[in-house]
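S.K.: Below is the structure I would like to discuss, written out as structure tokens.
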Amino acid sequence: MDEYQIRVWWQILNTKKSFPDGFECPFLLSIDADRVTEYVFETPGLSEMRGASAQLNSLNDLEPILSELGIPNECLVYAAGGSAVIVLPESKVGFVKDAVELAYLEQTGAATATCVALQVSPVDVQERFGNLVRAAGQQLRAAKGQKSIVPFFEVLPFSRRCDACRKRPAVVFIAPFEGEAAEGRCRVCQAKWQLGRNRRSEWHAILEIGEPPKDLGVIGDVSKGFIGLVYADGNRMGEWIQEANTINEFRKRSTAVREAVSNALTRTLEIHCVHLPFEVILVGGDDMLLVTPATVALEVAASLCRCFTEEMGKYNKTMSAGVILADHHTPVYFLRRLAEQLLKETKRSYMGASVDFLVLKSQGTRSIIDAWESHTFDYPRENLILHHGPYGLAELDQLLRHVRQGKCVNYPCSQLYGLRDTLKQGRQVSALAFLYQQARSSDKIEAFLDDFANFWSARDRETPPWFLSRSLRGGRVEYRTVWADMADLWDWVE
């Protein structure tokens, strides 16, 4: 079939209730890149991560491949974040599948994509398209799990390993930046570095930023060497998109999500990062991963969630985010894994737009569960947790306001951290310490403590700085406090 015949086929498929003899059976081709995060974060250098992300963004544009095969753009229903859904006549499925898989290997040398073709009926395409996409997704996940052939690079005993990935043999020596010693690079890492070393993202171009940061240290220098990794993701977007019955509705919903993500990111960066270094590492269909100075990371996360929720207001859809604040030397792949775990816990604990965060003070923390266990103290009749949990956007605004208010009245750090230490001694000891500070402080500091207590604790049944979280089995109760969070953020809020 040539392009004209496919256009006719597409029109019949989407408008007719009866189909002529010889009408080619439609196939739904579902495509997804394999191990995207492993490919992007296999090296710690920002230039390599930026280049890998640019490669995958380029591969996400399937229109050149389809055009070369004589397939009109109408057949491409969805393409974003390394995933794509295409409806094709049977005679074209194999050509598109082979072309996509080859493009990934040719352009990256190591990244691959999995393609699954599902034979469907014209009626299902017209009336139950979301169900078809869901079924194809299940087959796609199974195919990924059974994939046995992956790019292999033999490293002989006398070969020098790549200094970036430590996995493949080095084939070239380069100096990452002027004046630095030359490093051995494999073909894959060399291609990433070559593409990403001076590449401006579209957001850098929008903000008219001449040069992107050369490494994470440039971003961390703005905030005492600390960076903030922000991982934001729409809530239940996949389910909502797959509820669409028709191709047009599916395309409309997926387009709305992509535009909301892009607009939210653009607006947020314009508000918070015009004069600050930042890096947008990945933007998918409904998620995004970026690095900012630690001092603005929480504000960026809240703004992303707020802007996305406003954009998707007519659909009643929201976004959540996980934020990790850490030293800029901490590997990004480790921070991303923590942020992903944090985001999952946030979505599980809070319905709606929300943000949670973790200040990583050492790499001894291996998971979010480890971090929360270190914040939990068990007593005979109650559990005390030194963390609020996911913050709604209004709550996060209040937390940041209280940090600024405390710094404005010159609340002594010795009292701030001293009260945080008493939290581990039990609810009564810490509550008495809080009340003692209130009674002995100056008028301005007393007003600050009163404001904190009135917002975060119900005075008729709770003693600040604690609030009742929930009742547990066996008559036990759980209390949480915001004070420890405020102390953690004290140095990172301006």
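What follows draws every value from the coordinates through simple rules; no lab data is involved. As the structure is a computational prediction, the values presented were derived from the model and not from experiment. We place every Cβ from the backbone using ideal geometry, glycine too, and count neighbours over all the protein chains shown.
S.K.: Could you rank the peptides 458-467, 434-443 by their average count of other C-beta atoms within 10 Å per residue, with the highest value first? Display every interim value, and only then the final one.
M.R.: Numbers: 458-467: 15.7, 434-443: 14.0.
Top of the packing list down: 458-467, 434-443.
S.K.: If one takes the longest principal axis of the Cα atoms in the chain, at what angle in degrees, from 0 to 90 and to the nearest 10, does the Cα axis of helix 46-59 lie?
M.R.: So the inclination is approximately 40 degrees.
S.K.: Where nothing but the Cβ of Lys and Arg (+1) and of Asp and Glu (-1) is charged, how large is the charge dipole of the range 87-138 around its Cα centre, in debye to the nearest 20?
M.R.: Numbers: 4 positive and 6 negative charges, 27 e Å.
For the range 87-138, the charge dipole is close to 140 debye.
S.K.: Add -39500 (n - 2.57) for each DSSP H run of 4 or more in the chain, then divide by its residues: what number comes out at 222 nm, to the nearest 500 deg cm²/dmol? Provide the component values of the computation, followed by the final result.
M.R.: Values: 20 runs with 234 residues, N = 494.
Rounded to the nearest 500, the figure is -14500 deg cm²/dmol.
S.K.: Using Cα atoms only, what is the angle between the long axis of helix 297-311 and the major principal axis of the chain, expressed in degrees (0 to 90) to the nearest 10?
M.R.: 50
S.K.: Under 8 Å for C-alpha pairs, at least 6 residues apart: give me the relative contact order for the chain, rounded to a whole percent.
M.R.: Dividing the mean separation by the residue count of the chain yields 12 percent.
S.K.: Considering only Gly220, His388, Leu276, whose Cα is most displaced toward the positive end of the charge dipole of the chain, charges sitting on Cβ of Lys, Arg (+1) and Asp, Glu (-1)?
M.R.: Among Gly220, His388, Leu276, the one farthest towards the positive end of the dipole of the chain is His388.
S.K.: Mean shadow of the range 375-492, computed from the convex hull of its alpha carbons, in nm²? All intermediate terms of the calculation are to be shown ahead of the outcome.
M.R.: Details: hull surface 29.0 nm².
Computed as one quarter of the Cα hull surface, the answer is 7.3 nm².
S.K.: Report the antiparallel proportion of the DSSP beta bridges in the range 274-358 as a percent, rounded to a multiple of 5.
M.R.: Of those bridges, close to 45 percent are antiparallel.
S.K.: I need the peptides 469-478, 410-419 ranked by packing, meaning the mean over residues of other C-beta atoms within 10 angstrom, with the highest value on top. Let's see the in-between values first.
M.R.: Details: 469-478: 10.8, 410-419: 14.5.
Packing proxy ranking, top to bottom: 410-419, 469-478.
S.K.: Less than 17 Å apart at the alpha-carbon level, and either on another chain or at least 8 residues along: which aspartates and glutamates does that give for Lys167?
M.R.: Within the straight-line limit of under 17 Å, Lys167 reaches these aspartates and glutamates: Glu38, Glu42, Glu48, Glu154, Glu183.
S.K.: If neighbour count is taken as other Cβ atoms inside 10 Å, put Tyr78, Tyr350 in order from fewest to most. Don't skip to the end; give the middle numbers.
M.R.: Numbers: Tyr78 22, Tyr350 19.
Arranged by neighbour count, lowest to highest, Tyr78, Tyr350 become Tyr350, Tyr78.
S.K.: I'd like the orientation of helix 413-422 relative to the chain: the angle between its Cα long axis and the longest Cα principal axis, in ° from 0 to 90, rounded to 10.
M.R.: The angle comes out near 90 degrees.
S.K.: Can you sort Val261, Val409, Val150 by how many other beta carbons sit within 10 Å, fewest first?
M.R.: Values: Val261 28, Val409 16, Val150 9.
In increasing order of surrounding Cβ atoms, one gets Val150, Val409, Val261.
S.K.: Please report, in debye to the nearest 20, how large the charge dipole of the chain is about its Cα centre when each Lys and Arg carries +1 at its beta carbon and each Asp and Glu carries -1 there.
M.R.: Numbers: 56 positive and 63 negative charges, 220 e Å.
Its charge dipole is roughly 1060 debye.
S.K.: If you average 1/r across every pair of different Cα atoms in the chain and take the reciprocal, what Kirkwood value do you get, in Å?
M.R.: Values: mean 1/r = 0.0396 Å⁻¹.
After inverting the mean inverse Cα-Cα distance, the result is 25.3 Å.
S.K.: If we sort 300-307, 133-140, 157-164, 373-380 on the protection proxy, mean other Cβ atoms within 10 Å, highest first, what's the order? Please report the intermediate quantities before stating the final value.
M.R.: Details: 300-307: 25.1, 133-140: 17.6, 157-164: 14.9, 373-380: 11.8.
The peptides rank, most packed first, as 300-307, 133-140, 157-164, 373-380.
S.K.: Something else about it: Residue farthest toward the positive end of the dipole of the chain, with Cβ of Lys/Arg at +1 and Asp/Glu at -1: which of Val230, Ala191, Ser83?
M.R.: It is Val230, whose Cα lies furthest towards the positive end.
S.K.: Any chance you could run the full-extension gain for Ser471 through Gln107? It's 0.36 nm times the residue separation minus the Cα-Cα distance, nm to one decimal. Intermediate values should be presented prior to the final figure.
M.R.: Values: separation 364, 0.36 × 364 = 131.04 nm, distance 5.54 nm.
Full extension of this stretch gives 125.5 nm more.
S.K.: Filter the trypsin sites (Lys or Arg not before Pro) in the range 367-433 to those in DSSP coil with at most 15 other Cβ atoms within 10 Å of their Cβ, and list the result. Numbers along the way, then the final one.
M.R.: Numbers: sites: Arg381, Arg401, Arg404, Lys407, Arg420, Lys424, Arg427; in loops: Arg381.
Loop-located and lightly packed - Arg381.
S.K.: Using DSSP, restrict attention to beta bridges with both residues in the chain and report what percent are antiparallel, rounded to the nearest 5. Each step should come with its number before you reach the end.
M.R.: Numbers: 52 of 62 bridges.
Taking every DSSP beta bridge with both residues in the chain, the antiparallel ones total about 85 percent.
S.K.: Sequence neighbours fewer than 8 away in the same chain don't count; with that in mind, list the lysines whose C-alpha is under 26 Å from Lys344.
M.R.: Lys144, Lys314, Lys317, Lys361
S.K.: Can you list the HN-Hα couplings for the range 318-334, worked out from phi with the Karplus curve (6.51, -1.76, 1.60; θ = phi - 60°), rounded to whole Hz and with x for Gly and Pro?
M.R.: With coefficients 6.51, -1.76 and 1.60, one gets 10, 9, 10, 9, x, 10, 10, 9, 7, 4, 5, 7, 5, x, 5, 4, 6 Hz.
S.K.: Across the range 12-29, in residue order, what do the Karplus-derived ³J(HN,Hα) couplings come to in whole Hz, using 6.51 cos²θ - 1.76 cosθ + 1.60 with θ = phi - 60° and x for Gly and Pro?
M.R.: For the range 12-29, the Karplus-derived couplings read 5, 4, 9, 10, 9, 9, 10, 10, x, 4, x, 5, 5, 5, x, 10, 9, 9 Hz, x marking Gly and Pro.
S.K.: Would you work out which of Gly45, Val133, Ser58 lies farthest towards the positive end of the dipole of the range 3-146, given +1 charges on the beta-carbon of Lys and Arg and -1 on that of Asp and Glu, about the Cα centre?
M.R.: Going by the charge dipole, the pick is Val133.
S.K.: Just for the range 313-427, what percent of DSSP beta bridges are antiparallel, to the closest 5?
M.R.: Values: 5 of 11 bridges.
Percent antiparallel among DSSP bridges in the range 313-427 is about 45.
S.K.: Here's something else I'd like to know. Tell me, Met351, Met486 in order of fewest to most beta-carbon neighbours within 10 Å?
M.R.: Met351, Met486
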